[in-house]
Amino acid sequence: MSTEQYYYPVVSDNLPKHIKKGHQLVFSRQDLSAREADMFALMIAQMKTNDWDHSTPHYEFTSNQLSDWLGVDTKHIGSNLSPVANRLASRKIGIKRENAKGDIEFDYRPLFKHIAYKNGVLTMVPNDMLKSEYIEYNHGFALINTRNFFDVKKEYSKRLYELLSRFKSKGYEMHTQSLQELKGVFGLLDEAGKIKKDKSSFKNNSVFMKRCIRQSIKDLSEHPQIKKELLFIDSNKGDLGFELVKKGRTITGIRFLFRWLKLGTIDELNQHDAIKTIKELELKRLQENVKLSDEELEILAIAYQCIGKDDKAAQIEETLAKRHFTPEPEPQSADDDLDAFLDKINTLTEVSGNPDY
């Protein structure tokens, strides 16, 4: 088959700001090293839905692009990326499916039809059997900050970053994740759903929690850029960014405690407006003793960011997050009010020696 029959989308020299990754890919079972994940992300970041209008797209990346985006010296592109491309070409991912009986199954398919690095050009051809998973976003998607993703160096931290990036929009809450599901997402399970032989230490849940959850949250929370966009909250037990769900003494799931921060821009608020906003809302809170709404707190946080008071903005964001994860007490019903009133009457009656009416 001649190369003229292939379709090569134009790959921009400007790295896209975001990687748009469909829900199915985010929650798939995949076991990619940090560098393999970077190379895969390069293709996803450039992929557009209409790339598939012709035939299976072929993406080409020059050595200069790879050097700039992945931080590898151009002289060492081949020696660094060739073995990674070789491994990546054989990688499969497990896509979650529900069969006719309602049981959850995983369908494993190769990520690529072909990968090659030749004459200073990396060519990546996605598997067209995964076309819908690559470009259909009807089940939602993760919008992942590309530069930050490449800058995270550890594979499990990268995986958690993209997982949490699926839940940036209001109204899309991240439900409790089962431990088994998370082990699959972090690439620890084989096609039979068992711990892989080379990952046997992860059978111990404490090892999984330490390496995949605690360490990943630590990496992301300490990253100089990510900590400006993603806030992790302490649980009631003092665990940063998560709380355990247990059945008896057995850990069954994890609930992640996090909040994506609204970052103000110069277009949204200039310094004069920011100071005016701070005066109005802080006086309302402190002098009028009014509890600010979530929307007002979000505006106040952006205003503090605008004038460079990141510590105040972070304090407000923590308050918002705690509000989110602390359910409001249910209002007492009329019956509850009546019971409380009658209890009080009974107490007063006893104190007064139970006088006659």
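The values are calculated or read from the model by the stated rules, or taken from the named source; none is laboratory data. Just so you know, these numbers come straight off a predicted model, no measurement behind them. Every residue, glycine among them, receives a Cβ derived from its backbone with ideal geometry; neighbour counts consider all protein chains shown.
Closer than 30 Å to residue 251 by Cα and more than 19 Å from the chain's Cα centre (by Cα), is that true of residue 189?
Judged against the criteria, residue 189 is a match.
Do we find that residue 186 is farther than 16 Å from residue 240 by Cα, surrounded by 15 or more Cβ atoms within 10 Å (Cβ to Cβ) and either hydrophobic (A, V, I, L, M, F, W, C) or in the same structural domain as residue 27 (by TED's automatic domain parsing) (or both) in this structure?
For residue 186, the condition - farther than 16 Å from residue 240 by Cα, surrounded by 15 or more Cβ atoms within 10 Å (Cβ to Cβ) and either hydrophobic (A, V, I, L, M, F, W, C) or in the same structural domain as residue 27 (by TED's automatic domain parsing) (or both) - is met.
Within the stretch 95-128, which residues are touching a residue at least 24 places away in the same chain (Cβ under 8 Å) and under 23 Å from residue 182 (Cα atoms)?
95, 96, 106, 108, 111 - these are the residues of the stretch 95-128 that are touching a residue at least 24 places away in the same chain (Cβ under 8 Å) and under 23 Å from residue 182 (Cα atoms).
For the stretch 233-242, what are the residues that are in a strand (DSSP E or B) and modelled with pLDDT of 90 or more?
240, 242
When you go through (1) surrounded by fewer than 21 Cβ atoms within 10 Å (Cβ to Cβ); (2) of a type in the set (A, V, I, L, M); (3) farther than 30 Å from residue 182 by Cα one by one for residue 34, which number turns out not to apply?
Evaluating residue 34 over (1) surrounded by fewer than 21 Cβ atoms within 10 Å (Cβ to Cβ); (2) of a type in the set (A, V, I, L, M); (3) farther than 30 Å from residue 182 by Cα leaves (3) as the failure.
Do you know which residues across the stretch 48-58 are surrounded by fewer than 20 Cβ atoms within 10 Å (Cβ to Cβ) and out of contact with any Phe, Trp or Tyr (no Cβ under 6 Å at 6 or more places or on another chain)?
Selection gives 48, 49, 50, 52, 53, 56.
The rows are residues; the columns are (1) assigned by TED's automatic domain parsing to the domain that holds residue 58; (2) of a type in the set (Val, Ile, Thr); (3) in contact with an Asp or Glu (Cβ under 7 Å, 6 or more places away or on another chain).
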position	(1), (2), (3)
124	yes, no, no
127	yes, no, no
131	yes, no, no
134	yes, no, no
138	yes, no, no
141	yes, no, no
146	yes, yes, no
156	no, no, no
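Give 50, 64 a once-over and let me know the one that is touching a Gly at 6+ places or on another chain (Cβ under 9 Å) and assigned by TED's automatic domain parsing to the domain that holds residue 126.
64
To keep it simple, each residue is scored yes or no on (1) assigned to a loop (DSSP other than H, G, I, E, B); (2) exposed (fewer than 15 other Cβ atoms within 10 Å of the Cβ); (3) modelled with pLDDT under 95.
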| site | (1), (2), (3) |
| --- | --- |
| 139 | yes, yes, yes |
| 156 | no, no, no |
| 160 | no, no, no |
| 171 | yes, yes, yes |
| 180 | no, yes, yes |
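Here's the yes/no breakdown for (1) free of Cβ contacts under 8 Å to residues at least 60 places away in the same chain; (2) among the β-branched types (Val, Ile, Thr); (3) assigned to a loop (DSSP other than H, G, I, E, B):
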{"site": "55", "(1), (2), (3)": "yes, no, yes"}
{"site": "60", "(1), (2), (3)": "no, no, no"}
{"site": "64", "(1), (2), (3)": "yes, no, no"}
{"site": "69", "(1), (2), (3)": "no, no, no"}
{"site": "72", "(1), (2), (3)": "yes, yes, yes"}
{"site": "82", "(1), (2), (3)": "yes, no, no"}
{"site": "93", "(1), (2), (3)": "no, yes, no"}
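What number of residues within the stretch 1-35 satisfy the criterion of being assigned to a helix (DSSP H, G or I) and in contact (Cβ under 8 Å) with a residue 60 or more places away in the chain?
5
Test residue 56 against the criterion of being at pLDDT 90 or above and among the β-branched types (Val, Ile, Thr), and give yes or no.
Judged against the criteria, residue 56 is a match.
List, please: which pairs have Cβ atoms under 8 Å, are six or more places apart or on different chains, and start with a residue in the stretch 190-210 that is at negative phi and surrounded by 12 or more Cβ atoms within 10 Å (Cβ to Cβ) and end with one that is part of a loop (DSSP other than H, G, I, E, B) and aliphatic (A, V, I, L, M)?
These pairs meet every condition: 195/188; 196/188; 199/188; 202/188; 208/188.
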